[in-house]
Amino acid sequence: MKSSRRSFLITSIGVASTLALSRQAFADAPKAAESDPTSQALGYKLDATKVDKAKFAKYAAGQDCSNCTFYQGKATDAFAPCPMFGGKQVAGKGWCSAYNKKA
């Protein structure tokens, strides 16, 4: 019994450490710049209110990265990774043409 409890604790500590390191790696990921080629191709803006509505007719007020299905952070996070940008962090208040409303 003691052996299985010890194994469980060791495994739990290992998993917790891995999760903490993963979160730190996300936090250290570079931020996507509007000048990046991917950002330019997707029309990414750090501030969704500055999207060129004539060029990106799909944009609607209220759409921003923090409520997109691709945003890998909490809605309250200022920046979080996005797979559309190769894991680079995007602004929660940002927007790009890959926007897809979170269910």
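The values are calculated or read from the model by the stated rules, or taken from the named source; none is laboratory data. Note that the structure is a prediction, hence the values are computed from the model and not measured. Quick reminder, even Gly has a Cβ in these numbers, built from the backbone with ideal geometry, and neighbours come from all protein chains shown.
Checking each residue in the stretch 65-77 for being of a type outside the set (S, T, N, Q) and in contact with a Ser or Thr (Cβ under 9 Å, 6 or more places away or on another chain) picks out G73, K74, A75, D77.
Cβ-Cβ distances below 7 Å connect the following pairs, each with a first residue in the stretch 26-55 that is closer than 19 Å to G73 by Cα, a second residue that is surrounded by 13 or more Cβ atoms within 10 Å (Cβ to Cβ) and basic (K, R), and a separation of six or more residues or different chains: A29/K88; P30/K88; K31/K88; A32/K88; D47/K93; A48/K93. Has the stretch 28-47 got any residue that is modelled with pLDDT of 95 or more, of a type in the set (A, V, I, L, M, F, W, C) and touching a Gly at 6+ places or on another chain (Cβ under 7 Å)? Yes - at least one qualifying residue is present in the stretch 28-47. Condition first: assigned to a helix (DSSP H, G or I) and among the polar types (S, T, N, Q). Can you find one or more residues in the stretch 62-78 that meet it? Checked against the condition, which is being assigned to a helix (DSSP H, G or I) and among the polar types (S, T, N, Q), the stretch 62-78 yields at least one hit.
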